[in-house]
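Colleague: The following block contains the structure, expressed as structure tokens.
The values are calculated or read from the model by the stated rules, or taken from the named source; none is laboratory data. Keep in mind the model is a prediction, meaning the values are calculated, not measured. Here the Cβ positions follow ideal geometry from the backbone for every residue, glycine too, while neighbour counts run over all protein chains shown. Areas reflect the complete protein model, heavy atoms only, side chains present, ligands, DNA and RNA absent. Shrake-Rupley method; radii C 1.70, N 1.55, O 1.52, S 1.80 Å.
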Amino acid sequence: MPAVNSPVVNAMTIDVEDYFQVQAFAHSVGRADWHGYPRRVEANVDRVLEMFDRAGIHATFFTLGWVAKRHPAMVRRIVEGGHELASHGWDHTRADSQEPNTFRADVRRTKALLEDIGGVRVNGYRAATFSIGARNQWAFAILRDEGYRYSSSINPIAHDLYGMPDAPRVPYQPDNNGFWEMPMTTVRAFGRNWPCSGGGYFRLLPHAVYRTGLARVNRADSMPGIFYFHPWEIDPGQPRIAGAGWKSRLRHYTRLSRMAGGLERILRDFAWDRMDVVYAGLLPGSADQTEPARRPVVSATA
């Protein structure tokens, strides 16, 4: 029974990427060098799966195609555990750095690979570093054309790497064509939106701040929240990246040793489920991922 007395079920999500693939290290680690770093993502995802199994919850795993190609057994364990398999794009390239045709190829390729490995339909997408914003709203039409049913790619806050503060705080249809954007959770106070969706803020701020914020969203706004984190955040022993700037080190490494414990607490404090279950009223049938995929078959090489 959740410690917070609320009937609202929130969405638990994981962005499946490894420690050397994050935006904070994009200037320190080139994609061509990724093969030289020891991969830790599979072991960390297995820890997350065990944690969720103990708590009796299911979640949505937004997974990079690059990772899925190299760890197909991990992808199958995610699906076998009753979790939703979703797309995080191919190799963590920001959506707002891509032209429409490049973006289309990226999301098509990733969807095809995940569906081929997982044996389920992929309905959800999350852009790397929440990189859908005012400049690339065209991305939603492409996602719908490629067979996705929803995105969770907009963070309606002000931030130096991402954010669209004027975006709706609630799920909405960007083009009124049945495709949904599920924005990351914020608390509205003092005339602005404040982050309340996990990630680095969850590690940097006191636990009570997040707990109070989500409880307010559930009770005052009568809305589910969306929480996200990365597998590397429960891995304080990960290798350190040489040459990273102080801000990148602060964002990435601060309080990693506390993250697993903090997760255990919020799993007890609130009710959680996968995105397509929490938003089943908006996405009827999506929780049945056995529905045949509507997409072309493409090569998943490289």
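Colleague: Please compute the length gained on full extension between R77 and D288, using 0.36 nm multiplied by the number of residues separating them and subtracting their Cα-Cα distance.
Modeller: So the extension gain works out to 74.2 nm.
Colleague: Tell me which GluC sites (Glu not before Pro) from the stretch 33-86 have a DSSP coil assignment and no more than 12 other beta carbons within 10 Å of their own.
Modeller: Counting only loop positions with at most 12 other Cβ atoms within 10 Å, none of the GluC sites (Glu not before Pro) in the stretch 33-86 qualifies.
Colleague: If you don't mind, there's one more thing I want to ask. Just grab the label-to-label distance for W194 and D221, each label 7 Å out from Cα along the Cβ direction, in nm (one decimal).
Modeller: 1.3 nm
Colleague: Now for a separate question. How much of the accessible area of the stretch 185-248, probe 1.4 Å, is carbon plus sulfur, in whole percent?
Modeller: 61 percent
Colleague: Separate question: Per residue, what accessible area does the stretch 1-150 have, given a 1.4 Å probe and all protein chains present, in Å²?
Modeller: That works out to 37 Å² per residue.
Colleague: Okay, moving on. Just how far, in whole angstrom, is the stretch 194-231 from the stretch 4-56 if you go by their alpha carbon centroids?
Modeller: Taking the Cα centre of the stretch 194-231 as reference, the centre of the stretch 4-56 is 18 Å away.
Colleague: Taking the simple approach of a point 7 Å from Cα along Cα-to-Cβ for both D33 and R47, what is their distance in nm?
Modeller: Computed distance between label sites D33 and R47 equals 2.5 nm.
Colleague: Separate question: Over the chain, what relative contact order in percent results from Cα pairs under 8 Å that are six or more residues apart?
Modeller: Contact order relative to length: 27 percent.
Colleague: Can you list residues from other chains, or at least 5 along the same chain, whose modelled amide H is less than 5 Å from the amide H of R121?
Modeller: For R121, whose amide H was placed from the backbone, the distant partners under 5 Å are T290, E291.
Colleague: 7 Å from Cα along Cα→Cβ at both R54 and T254: what's the point-to-point distance in nm?
Modeller: Each label point is offset 7 Å from its Cα along the Cβ direction, giving 2.7 nm.
Colleague: Next question. How much FRET efficiency would the formula 1/(1 + (r/R0)^6) give for D175 and A105, where r is the Cβ-Cβ distance and R0 is 25 Å, rounded to 0.05?
Modeller: FRET efficiency, D175 to A105: 0.75.
Colleague: Search the structure for amide H atoms under 5 Å from the amide H of E84, placed 1.01 Å from N in the peptide plane, and list their residues when 5 or more places away or on another chain.
Modeller: Amide H neighbours of E84, under 5 Å, 5+ apart: A59, T60, F61.
Colleague: Under the rule a/c < 1.5 gives rounded, and otherwise a/b versus b/c splits prolate from oblate, where does the stretch 1-60 land using the Cα gyration tensor?
Modeller: Note, shape of the stretch 1-60 comes out prolate.
Colleague: Continuing with the same structure: For the stretch 165-301, what is the accessible area per residue in Å² when the probe is 1.4 Å?
Modeller: 48 Å²
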